[in-house]
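Reading through the structure tokens given below for one structure.
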Amino acid sequence: MTSTAAKAGRKEWIALTVLLLPLLLVSMDMGVLYFALPFISEDLEPTAPQQLWMMDVYGFLLAGLLITMGALGDRIGRRRLLLIGAAAFGAASVAAAFANSPEMLIATRALLGVAGATLMPSTLALIRNLFHDPAQRRTAIAIWTAALTAGATLGPVAGGLLLDHFWWGSAFLLNVPAMVLLLAVGPFLLPEFKDAAAGRLDLVSAGLSLVSVLAVIYGIKETAAEGVAPQYLASIVVGTAVGYLFVRRQRTIADPLIDLALFRNRAYSASIAVNVIAAVALMGSALFNTQYMQLVLGMRPLTAALWSLTVMPGITVALTVSGILAKKVRPGFLICGGLLLSVAGFVVMSRARPGTPLVVVLVGAGLVASGVLIATTLTAEMVLTSAPPERAGAAGATSETGSELGGALGIAILGSIADAVYGRDMRDATFDGVPADAVHAANDTLAAASATAGRISGGAGEHLLDTARDAFTHGMQYATLGGAVLLTLAALGATYLLRGVPAPERAEQSDPAEQTEQGGGTTIVQATEGAAVVAANTGEAVGSR
């Protein structure tokens with residue numbers, strides 16, 4: 001049976017361009033503060049805890065509210081929620097730009113996180129309403145994925161350029177013109193969709209979802225940054241327990257935020273799992289790539305950000321080739337191939353040493369990003385179309401939440417492996433002429449060692465820094481090889497779980513009942529917020545250490 005879905009015209013493609021505006025800015029906003037933080041600290045004089053909240057509150061609330069906002073868009077209208085979010089994001093950006101106290105900036109960053117959570121699920125869900133033809137929808141979602149990656153990668157560059165010429169608030173005002181344009185043309189170009197049969201939003205479920213995601217991600221991030229401590233483990237345990245209560249409630253209420261029956265669809269559940277692991281890989285790559293360029297090679301942040309752009313042509317080629325193959329090759333095989341490409345990237349990165357040419361790390365990081373984006377582009381329509389049309393917003397938001405969780409796990413798991421090796425090597429080394437307190441400080445991280453070495457004159461400081469760089473690349477070797485093992489297991493698992501999902505052209509020619517029997521319907525693709533995780537590329541990865 002051949003697909004008879006109506007093809008999108010010029011209006012729909014222009015509408016997609018409009019949808020990319022909030023997507024670019026939300027992903028850019030994740031890393032921009034790290035460049036502005038030194039200027040903000042000089043101007044507003046925040047305390048150390050206030051600085052942490054300035055950096056983290058945006059991402060915490062964005063992740064914690066994605067599921068709720070996805071379900072809300074399905075109920076009140078996806079276009080309406082998108083436009084409300086755009087207005088709020090623009091207003092909060094202006095308020096952040098002119099904040100005159102640490103408390104005001106924290107509050108406005110929190111509002112930006114809430115508004116960002118309304119934008120992300122709406123953009124992906126509206127693609128389903130704009131593009132009914134499967135081939136066109138796959139192309140649109142690939143563009144959606146590329147926009148996330150581009151915004152995440154360009155954010156640090158744009159932030160660095162603005163801060164070279166203007167005051168720190170200009171980094172936030174960058175959002176305003178795009179949101180104004182979206183508000184002006186969105187009502188005319190974007191279709192409205194809502195589930196007329198949906199019940200009221202369950203506020204108890206919304207609260208449980210927020211607390212669960214916030215507690216788990218907070219505990220993981222703080223454990224990765226500060227080490228294992230009872231309060232952080234307690235946060236993870238509490239978040240997990242609240243998550244269990246959330247799942248139980250979804251099984252019993254009439255109008256759940258998440259339709260748990262979706263997870264019985266192997267294509268949907270496997271796609272969510274792939275996204276979590278892909279985000280682990282992408283954040284781990286960004287973490288090591290950033291620190292290598294800035295702390296081992298001594299690059300300035302803006303220079304490192306510009307060098308990071310050199311991998312984009314390779315990523316574009318990889319996505320183009322995978323898009324052509326995706327028409328005839330089963331998605332399980334292509335996802336496996338993408339993840340194995342990322343495995344090759346981690347193996348290349350594991351060869352980096354202090355004297356290794358930069359091209360080695362860039363090639364490795366490019367392979368990791370290309371493979372991850374191939375896999376997550378191939379999982380996005382699966383998430384989007386395995387859910388009923390009226391639940392597409394909540395389904396996409398669930399996947400994006402998984403990507404946020406994966407990003408936090410990437411720092412915690414791979415970062416902890418690298419930290420353990422770094423600490424062991426530094427403790428085993430001897431540093432003649434270096435005060436004991438300086439050695440103790442240098443044993444924590446490469447950033448601390450770099451700062452400490454700068455205060456020690458003569459060869460002792462140089463020896464301390466050289467040893468720390470060697471220890472860091474040794475830890476990076478173990479962590480990247482650990483990431484390669486994790487991705488290999490994920491590739492094998494995806495191949496097994498998705499073995500029954502046919503290639504798109506075969507699916508369009510087969511009987512709908514046969515598609516259901518083969519494991520989940522159509523080929524599906526899911527653009528990952530883990531792509532946005534590449535955002536951390538030049539800011540968040542170092543800032544979190």
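Identify, from the list Ala99, Ala92, the residue that is under 30 Å from Val204 (Cβ atoms) and buried (at least 19 other Cβ atoms within 10 Å of the Cβ). Please lay out each step first, then the result.
On the way: Ala99 fails: under 30 Å from Val204 (Cβ atoms).
Result of the check over Ala99, Ala92: Ala92.
Within region 8-25, can one find any residue that is in a loop (DSSP other than H, G, I, E, B) and either under 25 Å from the mean Cα position of the chain (by Cα) or at pLDDT below 80 (or both)? Spell out the reasoning first.
First pass over region 8-25, keeping only residues in a loop (DSSP other than H, G, I, E, B): 8-9.
Narrowing further to those that are either under 25 Å from the mean Cα position of the chain (by Cα) or at pLDDT below 80 (or both): 8-9.
Yes: one or more hits.
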Subset of region 282-302 that is surrounded by fewer than 24 Cβ atoms within 10 Å (Cβ to Cβ), of a type in the set (A, V, I, L, M, F, W, C) and in a helix (DSSP H, G or I) - its residue that is modelled with the highest pLDDT: Leu295
Flag if Leu105 is touching a Gly at 6+ places or on another chain (Cβ under 7 Å) and assigned by TED's automatic domain parsing to the domain that holds Ala178: no
Tabulated pairs, region 463-490, first in the same structural domain as Ser269 (by TED's automatic domain parsing), second of a type in the set (Ser, Thr, Tyr) and assigned to a helix (DSSP H, G or I), C-beta under 6 angstrom, 6+ apart or interchain: Ala471/Tyr422; Phe472/Tyr422; Gly475/Tyr422; Leu487/Ser342
Some residue of region 422-433 being at pLDDT 80 or above and small (Gly, Ala, Ser): yes
Residue list for region 408-430, filter: surrounded by fewer than 19 Cβ atoms within 10 Å (Cβ to Cβ), assigned to a helix (DSSP H, G or I) and small (Gly, Ala, Ser): Ser416, Ala420, Gly423
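Is it fair to say Ala375 is part of a helix (DSSP H, G or I) and within 24 Å of Pro134 (Cβ to Cβ)?
Numbers: part of a helix (DSSP H, G or I): yes; within 24 Å of Pro134 (Cβ to Cβ): yes.
In short, yes.
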Residues located in region 163-214, provided they are closer than 17 Å to Arg249 by Cβ and not in a helix (DSSP H, G or I): Ala198, Gly199, Arg200, Leu201, Asp202
Some residue of region 211-225 being within 24 Å of the chain's Cα centre (by Cα), over 23 Å from Gly116 (Cβ atoms) and not acidic (Asp, Glu): yes
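Could you tell me how many of the residues in region 439-469 are among the basic types (Lys, Arg) and farther than 15 Å from Pro354 by Cα?
So in region 439-469, the residues among the basic types (Lys, Arg) come out as 455, 469.
In the following step, the residues that additionally are farther than 15 Å from Pro354 by Cα were identified as 455.
Qualifying residue count for the region: 1.
I'm checking my understanding of the structure. Among residues of region 334-374 that are of a type in the set (Val, Ile, Thr) and within 25 Å of Ile143 (Cα to Cα), which one is surrounded by the fewest Cβ atoms within 10 Å (Cβ to Cβ)?
Initial filter on region 334-374 (of a type in the set (Val, Ile, Thr)): 335, 343, 347-348, 356, 359-361, 363, 368, 372, 374.
Imposing the further condition that a residue be within 25 Å of Ile143 (Cα to Cα) reduces the set to 335, 343, 363, 368, 372, 374.
Details: Ile335: 31, Val343: 24, Val363: 18, Val368: 32, Val372: 32, Ile374: 28.
The residue in question is Val363.
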Any hit, region 131-154, residues being among the charged types (D, E, K, R), in a helix (DSSP H, G or I), modelled with pLDDT under 80 and buried (at least 21 other Cβ atoms within 10 Å of the Cβ): yes
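Does region 245-281 hold any residues that are of a type in the set (A, V, I, L, M), touching a residue at least 24 places away in the same chain (Cβ under 8 Å) and surrounded by fewer than 19 Cβ atoms within 10 Å (Cβ to Cβ), and which are they? Talk me through it step by step, then tell me what you get.
Step one: filter region 245-281 for residues of a type in the set (A, V, I, L, M), giving 245, 247, 253-254, 257-258, 260-262, 267, 270, 272-274, 276-281.
In the following step, the residues that additionally are touching a residue at least 24 places away in the same chain (Cβ under 8 Å) were identified as 245, 253-254, 257-258, 262, 267, 270, 272-274, 276-281.
Leu245, Ile253, Ala254, Ala273, listed by residue number.
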Per-region count, region 325-351, residues of a type in the set (Gly, Ala, Ser) and either outside the structural domain of Arg266 (by TED's automatic domain parsing) or modelled with pLDDT under 90 (or both): 2
Only listed residue being among the small types (Gly, Ala, Ser), part of a helix (DSSP H, G or I), touching a helix residue (DSSP H, G or I) at 6+ places or on another chain (Cβ under 6 Å) and more than 22 Å from Leu72 (Cα to Cα), chosen from Ala234, Ala270: Ala270
Region 459-500 - residue that is touching a helix residue (DSSP H, G or I) at 6+ places or on another chain (Cβ under 6 Å) and charged (D, E, K, R) and, of those, modelled with the highest pLDDT: Arg469
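Residue-by-condition table, conditions (1) in contact (Cβ under 8 Å) with a residue 12 or more places away in the chain; (2) under 26 Å from Val501 (Cβ atoms); (3) out of contact with any strand residue (DSSP E or B) (no Cβ under 9 Å at 6 or more places or on another chain); (4) aliphatic (A, V, I, L, M):
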residue	(1), (2), (3), (4)
Met283	yes, no, yes, yes
Leu287	yes, no, yes, yes
Ser308	yes, no, yes, no
Lys327	yes, yes, yes, no
Gly332	yes, yes, yes, no
Cys336	yes, yes, yes, no
Leu340	yes, yes, yes, yes
Gly366	yes, no, yes, no
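The values are calculated or read from the model by the stated rules, or taken from the named source; none is laboratory data. None of the values given here were measured: they were computed from a predicted structure. Neighbour counts are summed over all protein chains in view; Cβ atoms, including those assigned to glycine, are modelled from backbone coordinates with ideal geometry.
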